Structures are given as structure tokens and as C-alpha cells.
């Protein structure tokens, strides 16, 4: 284990000891917390472990090696062709759960759904919700449908999967003015940003980069969200940590949102923006266009 951790550290992996233990637990078929109770690898297991460590040292994502990614209370199948959900996105999902919980049977929409992490978390934690997940990538849709089927088989409320482009001005036209909670983790990294090897070599470009300024998808999402949300419905959009002013400003400038707020992650970085759809005919609120939150 020490040798494996050292190799991962030399390769630039941020948490080498923890990831070596996760790979060992995966090979041995035990929870990571029970590794100390296992005698060790047999020769075949050692060969598999060494091969996985070598692939991780080449910066193949840990989740691709194990085939799963944890997200809130879920384990999701992931692999080539789909964006690996990040822990920071759990904050946006948690906000959506809290806001959806205020409605008896909320209609929830998850745009740029990818693996289905946000949609499936809300379906699990809000069992009375109707959840619609939108994704355009054929490769990502395969993972989304697989995860949706797995969670339905496990007893969670089924979600509705819609193959569509979130920038389509007619997206989900039948739901216009009816959505209670709309969440989106779009591609938002500016094209000039250098991303880690795990991202550059394995996450789909179309799920990572959002044009020159990172806002290419967010702009039409803001416009469409204003059409889809009911008066009082809420919107949450994850964004790049350089967009802590830009995205709230887009929401405020649209004129159809109120209660615009910026939320930071546990490291203090700007992470996602939220807003509420104005009631029909409402005039813009006086005072600052938006505020910064702490969660």
C-alpha cells in the first residue's frame, strides 16, 4: 500500500493514500474501512491492484477504474463518455432538495443531466417529486438511462429522461410555466483554462467547456429557465469559480428573476447561483441586484 501511494503521489494524484486504499478495497471486494481486517492480496488480486495503480498513475480517473462515483446517498455507474460527478455539485443538489421539499409534489427539471446525479438524488430524497432529466449526448444518455433503471429497480421513484439540447428555445415546451425547481450543472469552464489530466483526457469536452468565456450554455439556460419556471419557482446553476459575479449578473439582467444569490463551496469558492422566478407583472426589486450566500 505504501508503494502504491508513493507511486500515485509521484504522478501528482492529490490524495494518493486514500486512492490507493480505495483501489485496494475495490480489488478485495470490501469496504475501505475494513481493509485492516483483510489478510492481503492473493497473487491474482495483487496483479489487478498493480495494474489499476498504474492506470491511476497515468491519471485515468479513479471512478473509471472502479466504475462508480459516489454522489450524496447514491453510487452511480460512470465511465468513458460521461462527466464524472464532483462532490461540490452535491451542494447544488442539496439546495434543490431543500427547496423542493417545500412543495407537496414538486416538478423538478435537471438540465445537462450527464450521469443523472442531480436528478436521481432529488428523486431519491423527494419521493413525491416528478423529476425530468435532460441530456443531449448519446454517450452520456446511455449512462443516464442505466443509472435511472438501476435506481428504479432499487425502489426509487423513476425519473423521466429526455434527449434534448438545453439551448433549444422550445425545450420542454409542455412544461412551460409549471416547473417548481430547475437545476443545471452545465459545461462552464472557459476554453482557455488548463484543466487537470483526468478532465482533459477523460471527461467529454462538451460537458466541460462552455465556450470562450464559459457562459455559452448558461446564457440560453437562464432564458429558458425563466419560461419553464412557475411564478415563485426556483433556479440553481453551477458555474466556474470565476463566474461569481457574472452568473448572478445574468440572472439579474434578465429581469424575470428575484432573490438572486451566489453560493460558495466549503473552500470559499463561488460555486452556484440561485434565483426565484418573479410573479407575473412584478416589478424589479429595488436595491442590490444580488447577494452572496455562504452555502
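The values are calculated or read from the model by the stated rules, or taken from the named source; none is laboratory data. Quick caveat, the model's predicted, so the values are computed rather than measured. Reconstructed Cβ throughout: ideal geometry from the backbone, glycine too, with neighbour counts over all protein chains shown.
Specify the residue that is farthest from residue 106 (Cα to Cα); the eligible residues are those in the stretch 172-181 that are in contact (Cβ under 8 Å) with a residue 60 or more places away in the chain and over 20 Å from the mean Cα position of the chain (by Cα).
Within the stretch 172-181, the first condition is being in contact (Cβ under 8 Å) with a residue 60 or more places away in the chain, and the residues that meet it are 172, 175, 178-181.
If we keep only those that are over 20 Å from the mean Cα position of the chain (by Cα) too, we end up with 172, 175, 178.
Details: 172: 16, 175: 13, 178: 10 Å.
Going through the qualifying residues, I end up with 172.
Of the residues making up the stretch 267-282, those that are more than 12 Å from residue 222 (Cα to Cα), under 22 Å from the mean Cα position of the chain (by Cα) and in contact (Cβ under 8 Å) with a residue 12 or more places away in the chain number 4. Among the numbered conditions (1) in the same structural domain as residue 264 (by TED's automatic domain parsing); (2) out of contact with any helix residue (DSSP H, G or I) (no Cβ under 8 Å at 6 or more places or on another chain); (3) more than 18 Å from residue 15 (Cα to Cα); (4) without any contact (Cβ under 8 Å) to a residue 40 or more places away in the chain, the only one that residue 95 does not meet is (4).
Just give me the residues in the stretch 1-37 being surrounded by 13 or more Cβ atoms within 10 Å (Cβ to Cβ) and assigned to a loop (DSSP other than H, G, I, E, B), in sequence order. Those that are surrounded by 13 or more Cβ atoms within 10 Å (Cβ to Cβ) and assigned to a loop (DSSP other than H, G, I, E, B): 1, 11, 13, 15, 30. Residue-level analysis places residue 74 outside the set of residues that are under 22 Å from residue 200 (Cβ atoms) and in contact (Cβ under 8 Å) with a residue 40 or more places away in the chain. Screening residue 221 against (1) assigned to a helix (DSSP H, G or I); (2) over 17 Å from the mean Cα position of the chain (by Cα) leaves a single unmet condition, (2). Scanning the stretch 255-291 for residues that are on the phi < 0 side of the Ramachandran plot and at pLDDT below 55 yields 282, 283, 284, 285, 286, 288, 289, 290. For residue 145, the conditions (1) free of Cβ contacts under 8 Å to residues at least 40 places away in the same chain; (2) closer than 26 Å to residue 273 by Cβ; (3) within 19 Å of the chain's Cα centre (by Cα) are fulfilled apart from (2).
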